[in-house]
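Heads up, the thing below is written out as C-alpha cells.
The values are calculated or read from the model by the stated rules, or taken from the named source; none is laboratory data. As the structure is a prediction and not an experimental result, all values here were calculated from the model. Cβ sites come from the backbone with ideal geometry, for glycine too, and all protein chains shown count toward neighbours.
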Amino acid sequence: MLYTRDLLEANEDRSLAPYALHSKQSKGRQFPDHEPDYRTAFQRDRDRILHTTAFRRLEYKTQVFINHEGDYYRTRLTHTLEVTQIGRTIARALGANEDLVEAICLAHDLGHPPFGHSGETILARLMKDHGGFDHNKQSFRIVTFLENRYPDFPGLNLTWEVLEGIVKHETEYDIADARDFNPDLRGHLEAQIANVADELAYTAHDLDDGLRSGMITPAMLSGMELWEIVTDLVRWHGGELADLHRHRIIRELIGIQVSDQVTSTDRRLRESSVRSAEDLQRLSYNVVGFSDEMRQRNRQLKDFLYANLYRQYRVVRMAVKAERILSEIFAAYRAQPNTLPAHVQAQITDRGLERTICDYIAGMTDRYAVEEHQKLFDPLILP
C-alpha cells in the first residue's frame, strides 16, 4: 500500500485536532511549485530546510560554549534538534500538526550568527544605521532569499504557515516582527508549540552543559524548586554528581516541564472552546504554556542561569573576544571591500555594502570567523 500525499492528508483529517493546521488547507507558496506525490506540503518544507547550507553550518555555531571548548557541549545544531524533538512530543499530545511544528523548529535558528547571542548583539550594533540585524529576520531572509538552490525562485519557497511560524517565533531572546503575516493574529498552535519548545530546551540543556563544565555546581542549585523536585525524583541527595545522575536529572527536568505544558495547554484549549485554527489565533492570549506554578519555577531557573552561566567570567571573556573578532572583520571588509571573496563582492551592487558584509558574517561558523580574522590581521597566516 502506497501512502500518497492524498492518503497522508486524509490521515491528518482523521487525527488532528480541529484547531490544528492541515497541510491540504495551506495558503500555499509564493511561487508556483509542483507538490510531491508522497509528501505533504509541510513535510516538503521540513526536508528543504534540512538540506540547506545554513542548517549544516549550525553544527559549528555557539549555543553557550564555543565549538572547540569540547565535543560534548551543545551547539546551535544540537539545540535545534532537541527543540524539534520536544516540539514534536508536545504537538503529538495536543493533536497539532507534527510536520509543521518540526519544520518551524528546524528553521527557527538558521539566522544565528557566529558566537551565539553575543554575535547577534554585535551585528545589531554594527548595522544600527543600515537596517539593523535580528536573527529571526535573518532566518526569514535565508529561507526566502539567501539560500540559492532552485532555478525558478529565490530561497526555499516554503508554505505560508511555516513562514508565519518563523516570523512569529518569540521567546525572551526572540522578538517577533510579523507585519506581513497577519500581525493582528497570534501565532497558530504549531508556532506557539515551537516557541515553548525552544525555551524549554535551552534552559534544560544549558543547565546540563553548565554542570558538565563545572561552571555550575549542585551546591549552587540547592533550594531551587525545580532542582529539588527533580533530584528527589531520581533519589539523588548529594555527594558526587556522576554523569548518570546528571543525565537522569536533566531527563526528568524536561519530562515534568513537557507534561506541565501539555496538561496546562489542554486545559486552556478546553476552556477557550476554540473550534478552528483561526479561532485560536484570535484569542487574546497564547494557549500554549506552563501552569502559573511551573512558570514561576522556570523563571527561577532562567534567572539562575543568567546570573551564574551566561554572565560567568569564561563566557563573558568569549563574548569580549567575539566583539573584537566580528567588529574588526566588519571594519576591514567595509574599508577594503576587495578583501571579500569575489562571489560576495558581486552581491554588493544589489544588496549594498553593509548588508552584503552582514549576510556574509552572519553565515560564518565560529571557527570560520576566527580563521578569517587571523587571515585578515595575522601576517604569518596566508590569506
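Points worth noting:
- Taking each residue of the range 181-199 that is assigned by TED's automatic domain parsing to the domain that holds SER264 and more than 10 Å from GLY87 (Cα to Cα) and looking for partners that are of a type in the set (S, T, N, Q) and in a helix (DSSP H, G or I) with beta-carbon atoms closer than 6 Å, six or more apart or interchain, yields LEU185/GLN281; ARG186/GLN281; HIS188/GLN281.
- MET364, sole failed condition from (1) in contact (Cβ under 8 Å) with a residue 40 or more places away in the chain; (2) of a type outside the set (D, E, K, R); (3) in a helix (DSSP H, G or I); (4) surrounded by 16 or more Cβ atoms within 10 Å (Cβ to Cβ): (3)
- Whether a residue is assigned to a helix (DSSP H, G or I) and either assigned by TED's automatic domain parsing to the domain that holds HIS22 or modelled with pLDDT under 95 (or both) was assessed, and GLU240 does not pass this test.
- Residues considered: TYR202, TYR310, TYR306. Of these, the only one that is touching a strand residue (DSSP E or B) at 6+ places or on another chain (Cβ under 9 Å), modelled with pLDDT under 95 and either in the same structural domain as ARG88 (by TED's automatic domain parsing) or exposed (fewer than 13 other Cβ atoms within 10 Å of the Cβ) (or both) is TYR202.
- Only listed residue being touching a helix residue (DSSP H, G or I) at 6+ places or on another chain (Cβ under 9 Å) and either surrounded by fewer than 18 Cβ atoms within 10 Å (Cβ to Cβ) or at negative phi (or both), chosen from ASP152, ASP243, ASP232: ASP243
- Here the condition is being in contact with a His (Cβ under 6 Å, 6 or more places away or on another chain), of a type outside the set (Lys, Arg) and in a helix (DSSP H, G or I); of GLU293, GLU354, GLU271, it holds for GLU354 alone.
- Residue-level analysis places ASP260 outside the set of residues that are surrounded by fewer than 18 Cβ atoms within 10 Å (Cβ to Cβ) and in a helix (DSSP H, G or I).
- Check on GLU252, part of a helix (DSSP H, G or I), crowded, with 21+ Cβ neighbours inside 10 Å and either in contact (Cβ under 8 Å) with a residue 12 or more places away in the chain or basic (Lys, Arg) (or both): no
- Residue in the range 121-139 that is assigned to a helix (DSSP H, G or I) and touching a Cys at 6+ places or on another chain (Cβ under 8 Å) present: yes
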